[in-house]
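Following: one structure in structure tokens, then a few remarks.
Coordinate-derived values only; no laboratory data. Predicted model, so just to flag it, every value in this text is computed and none were measured. Counting neighbours? That spans all protein chains shown, and the Cβs are built from the backbone with ideal geometry, glycine included.
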Amino acid sequence: MPARPGVTISLNKQHDKLAELLSDMKFTNYKERSAQIAAFLEKYIPDVAAMETQMKKYKKFFKTADDKQKALEKKNDELTAALEKSEKESTVKKLQEMRLHSAYVRIKGILDRIPPEIIKAYTHRSTQKHDIHR
């Protein structure tokens, strides 16, 4: 909850007016400008003090907002790190799956080149071994 917008705008205008008075202060108009600045400060200083009091009142709200923002930034950093880790793991997993599939295709390709009668003889021999061990 920042200061009321009207008060802030008014103080900004007063600030600009004071800056103008100060920048236009010369040796030739020193006394006149000093009097103008003193008169101007009669209104400006109480307004600044009022704003400072208001800002102190809202300080706890600013702190709470800052704490919430820091917590959200921390959570965002954690989620970003988790996402990056997940993406990295996903990429590694995809590479492993591609290698496994490539190896399977290569192995299957060599098996497909074996003539059917050799496969049949091997299968028959394999069944006979199991019968012997029983």
Once the dipole of the chain is set up from charges on Cβ (+1 Lys and Arg, -1 Asp and Glu), the residue from the list His124, Pro46, Leu95 lying farthest towards its positive end is His124
Whole angstrom only: what separates the Cα centroid of region 61-94 from the Cα centroid of region 100-126? 50
Determine which lysines satisfy two conditions relative to Lys74: a Cα distance under 20 Å, and not lying fewer than 8 residues away in the same chain. Lys63, Lys85
Aspartates and glutamates with Cα under 15 Å of Lys70, excluding same-chain neighbours fewer than 8 positions away: Glu78
Remind me, relative contact order of region 1-85 in percent, using alpha carbon pairs under 8 angstrom and six or more residues apart? 40
Cross-link table Lys13/Lys59; Lys13/Lys57; Lys26/Lys56, entries beyond 30 Å C-alpha to C-alpha: Lys26/Lys56
What Kirkwood hydrodynamic radius, in Å, does region 1-126 give when the mean of 1/r is taken over all pairs of distinct Cα atoms and then inverted? 22.9
Helix-only mean residue ellipticity at 222 nm for the chain, each DSSP H run of n ≥ 4 adding -39500 (n - 2.57), per residue, nearest 500: -33000 deg cm²/dmol
Which Cα, out of Leu111, Ile37, Met55, lies furthest along the positive dipole direction of the chain (beta carbon charges, K/R +1, D/E -1)? Leu111
Once you list every other residue whose beta carbon is under 14 Å from the beta carbon of Phe62, what net charge do they have if Lys and Arg are +1 and Asp and Glu are -1? +4
